1. Look through ASN55, ASN93 and report the one residue that is closer than 25 Å to HIS11 by Cα, open to solvent by 50 Å² or more (accessible area, probe 1.4 Å) and modelled with pLDDT under 95.
2. Could you run through region 126-143 and say how many residues are aliphatic (A, V, I, L, M) and either part of a loop (DSSP other than H, G, I, E, B) or surrounded by fewer than 19 Cβ atoms within 10 Å (Cβ to Cβ) (or both)?
3. Could you check region 106-122 and list, in sequence order, the residues that are in a strand (DSSP E or B) and surrounded by fewer than 17 Cβ atoms within 10 Å (Cβ to Cβ)?
4. Out of curiosity, is GLU157 closer than 24 Å to ASP26 by Cβ and either surrounded by fewer than 21 Cβ atoms within 10 Å (Cβ to Cβ) or among the charged types (D, E, K, R) (or both)?
5. Do we find that PRO103 is within 23 Å of GLY151 (Cα to Cα) and either charged (D, E, K, R) or outside any helix (DSSP H, G or I) (or both) in this structure?
6. Does ASP72 qualify as being over 21 Å from ILE14 (Cβ atoms) and surrounded by fewer than 14 Cβ atoms within 10 Å (Cβ to Cβ)?
7. Scan LEU46, LEU19 and give me the residue that is open to solvent by 10 Å² or more (accessible area, probe 1.4 Å), aliphatic (A, V, I, L, M), over 24 Å from HIS138 (Cα atoms) and more than 15 Å from the chain's Cα centre (by Cα).
8. Which condition number does TYR86 fail, the rest of (1) at pLDDT 95 or above; (2) crowded, with 17+ Cβ neighbours inside 10 Å being met?
Amino acid sequence: MKKILLLSDTHSYIDSRILHYVNEADEIWHAGDIGDLKVTDTIEALKPLRAVYGNIDDDKARATYPLHQRFDCEGVSVWITHIGGYPPKYNINTRDEIKSNPPQLFICGHSHILKVIPDKKNGVLHMNPGAAGKHGFHKVRTMLRFTVDSGNIENLEVIELGKK
């Protein structure tokens with residue numbers, strides 16, 4: 001079993017509230033728009049990190065992290081990308097792959113809107129953790145945490161970090 005903390009859209013911002021939850025997780029997954037790599041450096045000093053770059057990320061972030069991460073975690077196939085759409089409105093860069101080779105868990109950032117949507121047609125669970133940073137139109141900073149165990153995603157929780 002692994003305890004996962006999922007965040008996105010930090011836009012160069014990290015604080016003690018985020019780090020509190022980082023310390024409680026086994027792995028941290030970041031769905032892009034990292035901003036300054038001090039965010040990921042701070043997280044990686046504490047816990048294993050999987051991250052993708054987002055549309056605001058510079059060449060340094062793009063050289064460090066991929067656009068897409070596909071991997072298996074405790075029997076769950078996972079795909080993380082920054083801009084991917086959501087069921088049933090996947091974007092042009094993800095929809096064909098989701099139909100032909102669907103992950104069990106599809107994670108995106110970008111919208112700053114927290115969403116968890118089951119896609120029964122494709123057998124995919126979509127997650128967007130909202131935005132953990134202070135930049136953007138969102139009113140409340142959010143993240144998600146959950147456990148992955150023997151092919152199951154369980155104990156999903158929304159974490160509200162307060163107003164931005």
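The values are calculated or read from the model by the stated rules, or taken from the named source; none is laboratory data. These numbers were taken from a predicted model, which means no experiment stands behind them. Here the Cβ is made from the backbone with ideal geometry for all residues, glycine too, and neighbour counts use every protein chain on show. All accessible areas refer to the heavy atoms of the entire protein, side chains included, with ligands and DNA or RNA removed. Shrake-Rupley method; radii C 1.70, N 1.55, O 1.52, S 1.80 Å.
1. After ruling out the rest, the residue left standing is ASN93.
2. 3
3. Matches in region 106-122: LYS115, VAL116, ILE117, PRO118, ASP119.
4. Yes: the conditions hold for GLU157.
5. So PRO103 fits the description; yes.
6. Judged against the criteria, ASP72 is a match.
7. Selected residue: LEU46, the only one of LEU46, LEU19 that is open to solvent by 10 Å² or more (accessible area, probe 1.4 Å), aliphatic (A, V, I, L, M), over 24 Å from HIS138 (Cα atoms) and more than 15 Å from the chain's Cα centre (by Cα).
8. The failed condition is (1).
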